[in-house]
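Okay, here's the structure, questions in a sec.
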Amino acid sequence: MIHYHGLPITPASASSAVLSGRHAFLSYANPEQLDICIEVCQSFAVDNGAFPAFTSGKPVKDWKPYYQWVESIKNHPNFDFAVIPDEIDGDEIDNDNLIAEWEFDKSMSAPVWHMHESIERFYTLCNNWSRVCIGSSGAYWKIGNDQWWARIGTALNEIVDDNGQPPCKLHGLRMLNPEIFSRLPLASADSTNLARNIGIDKKWTGSYSPPDKEWRAKVIASRIEAHNSASAWSEMVQDQLF
């Protein structure tokens, strides 16, 4: 599994230090650390910025600048994939239309299945794309509660084969929590856990506290990366969660 650490991480010195040889997830909404991704990361993926735009109440209306940005970075050797534009609270027609407008090769592209959408759409995406992102939305916005687990369990039961493995690579948006990804057959996941927590001083107390944010970042990254995703999904796993 690939662990993508969300950016930006501040200060930039901490970002550069912790991301050396690791994987980053860069949002178009905050692209200022692109140079760090290019220079030190083993690989990086890019997000369209729909999530911060949605939470701010100002959803994206014009995606052309994002298309141009992806065009400018798609040939970097350590670039992995770009998330196709999506409307988090939109309907399936809205999101299918955005996919239809996407002009880049499927090998470097990932559509989003929002968990409030039909499982039929999830099935269709997984059988037509090499990578699909799972986005928590609607009634399933809060990752990890019983309702969320029931929904993702039902969805996975519909798409996995007899060995419990999905037909494409799955990426968990905002799911870089070992309590989450270690139970799911994800190829990759991201979150801004590292970026958020290195700056909360009250979490770093005691005689053995890391001396600076660079070391804090390395501690968090190592703890996250000590865990891998599940190799397969089974209904038994879902039963154990309840």
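First compute the accessible area of the chain with a 1.4 Å probe, then give the percent of it belonging to carbon and sulfur atoms.
47
If you wrap a convex hull around the Cα atoms of the chain, how much volume per residue is inside, in Å³?
Output value, Cα hull per residue: 132 Å³.
Quick check for you: with a 1.4 Å probe and neighbouring chains kept, what is the accessible area per residue of the chain, in Å²?
48
Pick from ASN128, ASN145, ASN95: which residue has the top mean-square fluctuation in a GNM of the chain where Cα pairs under 10 Å get a spring?
ASN145
I've got another one for you. If I histogram all Cα-Cα distances within region 59-180 using bins 10 Å wide from 0, what percent of pairs lands in each bin?
Reading upward from the zero bin: 12, 43, 34, 11, 0.
With every protein chain left in place, what is the accessible area of VAL219 in Å² (1.4 Å probe, nearest 10)?
40
Got a number for the accessible area of GLU158? Probe 1.4 Å, square angstrom, nearest 10.
Rounded to the nearest 10, that gives 110 Å².
OK, next. Using a 1.4 angstrom probe on the protein heavy atoms only, could you order THR154, THR55 from most to least accessible area?
Descending order: THR55, THR154.
Per DSSP H run of n ≥ 4, the term is -39500 (n - 2.57); total these for the chain, divide by its residue number, and report the mean residue ellipticity at 222 nm rounded to 500 deg cm²/dmol.
Calculated at 222 nm, the ellipticity per residue is -10500 deg cm²/dmol.
Under a Cβ-only charge scheme (Lys and Arg +1, Asp and Glu -1), can you give me the dipole magnitude of the chain about the Cα centre, in debye to the nearest 20?
1000
Now for a separate question. In region 143-199, how does Rg compare with the Kirkwood Rh, expressed as the Rg/Rh ratio over alpha carbon atoms?
1.03
Counting only the backbone N, which residues of region 19-40 are under 19 Å from the spot 7 Å out from the Cα of ASN75 toward its beta-carbon?
Only 35, 38-39 pass the distance filter.
So for the chain, if I pair up every lysine 8 or more residues apart or on another chain, how many of those pairs have alpha-carbons under 21 Å apart?
Lysine pairs, 8 or more places apart or on different chains, close enough: 10.
The values are calculated or read from the model by the stated rules, or taken from the named source; none is laboratory data. Since the model is a prediction, treat every value here as computed from it, not as a measurement. For neighbour counting, all protein chains shown are included, and Cβ atoms are generated from backbone atoms with ideal geometry for every residue, glycine included. Just the protein is used for accessible areas: all its heavy atoms, side chains included, with ligands, DNA and RNA removed. Shrake-Rupley method; radii C 1.70, N 1.55, O 1.52, S 1.80 Å.
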